[in-house]
């Protein structure tokens with residue numbers, strides 16, 4: 001049980017770590033673009049949307065790290 | 001070109017991780033027993049090679065390339081953004097930079113608190129600390145080698161890139177016999193983060209049905225866009241912090 005917990009903790013730290021928004025956000029971004037293509041967005045335009053969303057996600061994570069805390 | 005695509009990220013990431021592993025290995029070897037320390041290093045390296053071989057081959061042989069690129073691309077976007085965001089925060093002064101010399105001193109102090117080394121036979125503390133240190137740092141390299149190698153169909157060159165980096169760090173470490181504090185770790189992490197995010201976006205995009213306008217040449221454009229955005233972010237962080245002292249941005253500082 002202890003090894004399982006350590007194994008889980010390793011992967012949590014590895015993929016999520018102290019920036020969970022990047023883990024969740026990346027999945028949401030890819031999901032959004034997938035849905036956008038399925039509802040009719042041109043696949044070439046979807047590439048542009050994906051780039052913008054990835055840049056926004058990185059920016060959001062940086063902003064959350066440097067914003068003043070009360 | 002594809003050879004370089006697979007080998008370069010693995011090479012750069014390996015330098016960063018092996019420099020960190022070398023600090024731990026040196027601290028253990030200097031304060032305790034070199035023989036057991038080096039056995040711990042060897043055991044960890046063997047396990048890493050087995051992991052890369054087994055998982056890399058399994059991925060290439062069993063998973064269709066489209067599925068592989070979607071899953072691997074998704075992981076690379078997550079992992080690449082983590083490296084990149086941390087490197088941006090460090091470059092902007094919002095997070096303390098990695099200090100190998102300070103880490104080395106801490107490891108030395110921790111080792112001196114352990115029970116004395118046995119006069120004969122194995123020193124299991126040396127073995128375990130060196131094994132864990134190399135394995136944990138090396139797993140990040142293994143992850144990059146397996147994902148990049150499998151997706152680009154170049155597992156061999158990716159593994160070779162990591163091996164060359166490992167040997168290089170080891171040789172320099174033996175020569176100078178102290179932590180490699182002058183390696184520009186944050187610059188390397190910045191570059192690796194950019195590469196992982198670029199390839200992750202490209203492959204994950206293909207996996208969900210995106211058509212890249214310039215096919216493979218889009219990779220260059222993606223890299224340029226992410227580089228400009230990252231440099232702008234570093235500038236914005238510096239502006240935001242102004243003259244304030246570097247901080248850990250309200251979250252616990254940690255390794256990678």
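Details
- Ranked B:55, B:199, criterion: other C-beta atoms within 10 Å, fewest first: B:55, B:199
- Applying D = kT/(6 pi eta Rh) to chain A, where Rh is the Kirkwood radius over alpha-carbon pairs, T corresponds to 10 °C and eta to 1.306 mPa s, the Stokes-Einstein value obtained is 112 µm²/s.
- q = 0.22 Å⁻¹, the stretch B:95-232: log10 I(q)/I(0) [Debye, one scatterer per Cα]: -1.47
- Compared with the dominant principal axis of the Cα atoms in chain A, helix A:20-38 is inclined by about 30°.
- Cβ neighbours within 10 Å from other chains - mean over A:53-61: 6
- When only Cα pairs below 8 angstrom with a gap of at least 6 residues are kept, chain B shows a relative contact order of 42 percent.
- C-alpha long axis of helix B:2-31 to longest principal axis of chain B, angle in °: 20 degrees
- Euclidean distance between Cα centres, the stretch B:183-232 to the stretch B:100-179, Å: 28 Å
- Over chain B: Kirkwood hydrodynamic radius from C-alpha pairwise inverse distances, Å: 19.4 Å
- For the stretch B:46-92, the gyration tensor built on C-alpha atoms gives an oblate shape. Its axis ratio a/c (a ≥ b ≥ c) is at least 1.5, and a/b is not larger than b/c.
- The alpha-carbon atoms of the protein assembly as shown define a convex hull whose volume equals 157 cubic angstrom per residue.
- Placing pseudo-labels 7 Å out from each Cα toward the beta carbon at residue B:122 and residue B:57 gives an inter-label distance of 2.7 nm.
- Computed with the Debye formula from one identical point scatterer per Cα of the stretch B:130-179, without solvent, the log10 of I(q)/I(0) at q = 0.22, 0.23 Å⁻¹ comes to -0.83, -0.87.
- With a 10 Å cut-off around each Cβ of B:235-241, the average count of Cβ atoms from other chains is 2.
- Relative frequency of Cα-Cα separations exceeding 23 Å in the stretch B:1-140, percent: 49 percent
- Each residue in B:66, B:113 was given a count of other beta-carbon atoms within 10 angstrom of its own, and listing them fewest first yields B:113, B:66.
- Helical runs (DSSP H, four residues minimum) scored at -39500 (n - 2.57) apiece and divided by the length of the protein assembly as shown put the mean residue ellipticity at 222 nm at -27500 deg cm²/dmol.
- In degrees, nearest ten, helix A:43-66 long axis to first principal axis of chain A (Cα): 40 degrees
- As a rough footprinting exposure proxy, the listed residues A:41, A:22 were ranked by other beta carbons within 10 Å of their own, and the order from fewest upward is A:41, A:22.
- Rg/Rh for the stretch B:93-164, where both radii come from Cα atoms and Rh is the Kirkwood radius: 1.14
Taken together, the values in this text are just the output of simple stated rules run on the coordinates, not laboratory data. Since the structure is predicted, the reported quantities are computational estimates derived from the model, not experimental observations. Here the Cβ is made from the backbone with ideal geometry for all residues, glycine too, and neighbour counts use every protein chain on show.
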